[in-house]
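Okay, so here's the structure we're looking at.
The values are calculated or read from the model by the stated rules, or taken from the named source; none is laboratory data. From a predicted model like this one, the values you see are computed outputs, not experimental measurements. So basically every Cβ, Gly included, is an ideal-geometry build from the backbone, and we count neighbours across all protein chains shown. What goes into the accessible areas is simple: the full protein's heavy atoms, side chains included, and nothing from ligands, DNA or RNA. Shrake-Rupley method; radii C 1.70, N 1.55, O 1.52, S 1.80 Å.
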Amino acid sequence: MSETAAAAALELRREHEATEKTVIGFWVYLMTDCVLFASLFAVYAVLHGNTFGGPSGRELFKLPYVLIETFALLTSSFTCGLAMLAAQRRAKHEVLFWLGVTFLLGLTFLVLELHEFRNLVLDGNSWRRSGFLSSYFTLVATHGLHITFGLIWMAVMCLYTWKRGLTDSIRKRLTLLSLFWHFLDVIWIFIFTIVYLYGSIGI
């Protein structure tokens, strides 16, 4: 084996090991995020009845509005999956198209959520009014911050894909982005069920 071939093989091995470490590290991050959200759900479960004379979820939450948010986010999970299927086929333009659709749906969700927060605050129902509202804003806003990070990551990956193409490194990063985005959708399903659905019927 020539020195050039040996160097190339060594570089390939190092890249593979680095990728494995990145994937393991990302799964560790997701597990810590699970712990974070589990803690926030636990706090909400304890405080959701502590309204201190203020409104409860039954008076505040508008289920049809939240259903629109949910539809936008769950649809974005589907389009993200289509982007990953296109990445496996190395169809660069399809990946960019579906990531663009995913980005717009995620942005729509975020705008709707911020509009909901704004209306609550303007009506005098900010996070400072009761333990219930403090736990609600903390839980839902933490998820919203993750969505914001995901959108920034998605925009960066679109730029990388457009400039560099679907290299192995880019496809692996897209896979991690997809896992992160699907994780946020799963968390939202729990938020929708525990906070909004149960809250709107007074459970």
Of residues in the range 47-71 being surrounded by fewer than 19 Cβ atoms within 10 Å (Cβ to Cβ) and among the hydrophobic types (A, V, I, L, M, F, W, C), the one nearest to Y136 (Cα to Cα): L47
Within the range 140-154, tally of residues that are under 10 Å from the mean Cα position of the chain (by Cα), closer than 19 Å to S178 by Cβ, surrounded by 14 or more Cβ atoms within 10 Å (Cβ to Cβ) and not β-branched (V, I, T): 4
Hey, S200 hits all of (1) crowded, with 17+ Cβ neighbours inside 10 Å; (2) at pLDDT 95 or above but one; which does it fall short on? (2)
Considering (1) of a type outside the set (D, E, K, R); (2) in contact (Cβ under 8 Å) with a residue 60 or more places away in the chain; (3) open to solvent by less than 60 Å² (accessible area, probe 1.4 Å), say which one M157 fails and leave the rest. (2)
Would you be able to say whether some residue in the range 163-176 is among the hydroxyl-bearing types (S, T, Y) and part of a helix (DSSP H, G or I)? yes
Go through the range 158-171 and give me each residue that's over 18 Å from the mean Cα position of the chain (by Cα) and of a type outside the set (S, T, N, Q). L159, Y160, W162, K163, R164, G165, L166, D168, I170, R171
Cβ contacts < 6 Å: first residue touching a residue at least 12 places away in the same chain (Cβ under 8 Å) and under 15 Å from D185 (Cα atoms), restricted to the range 77-105; second residue charged (D, E, K, R) and open to solvent by 30 Å² or more (accessible area, probe 1.4 Å), any location; separation 6+ or different chain. Result? none
Does the range 180-194 contain at least one residue that is closer than 16 Å to T70 by Cβ and either outside any helix (DSSP H, G or I) or over 15 Å from the mean Cα position of the chain (by Cα) (or both)? yes
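So that you can scan it fast, the table gives a plain yes or no per residue for (1) modelled with pLDDT of 95 or more; (2) under 21 Å from Y198 (Cα atoms); (3) part of a helix (DSSP H, G or I):
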position: E15; (1), (2), (3): no, no, yes
position: L36; (1), (2), (3): yes, no, yes
position: V43; (1), (2), (3): yes, yes, yes
position: G49; (1), (2), (3): no, yes, no
position: E59; (1), (2), (3): no, yes, yes
position: F71; (1), (2), (3): yes, yes, yes
position: L85; (1), (2), (3): yes, no, yes
position: V95; (1), (2), (3): yes, no, yes
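Among the residues of the range 143-154, is there at least one that is of a type in the set (S, T, Y), under 15 Å from S76 (Cα atoms) and touching a residue at least 12 places away in the same chain (Cβ under 8 Å)?
yes
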Pairs please, first residue from the range 164-175 and closer than 16 Å to G25 by Cβ, second anywhere and open to solvent by less than 60 Å² (accessible area, probe 1.4 Å) and at pLDDT 90 or above, Cβ atoms under 9 Å, 6+ apart in sequence or on different chains. R173/W153; R173/M157; T175/M84; T175/A87
Under 8 Å by Cβ, and 6 or more places apart or on different chains, what pairs join a residue from the range 110-131 that is assigned to a helix (DSSP H, G or I) and at pLDDT 95 or above with one that is surrounded by 14 or more Cβ atoms within 10 Å (Cβ to Cβ) and among the acidic types (D, E)? L112/E69; E113/E69; E116/E69
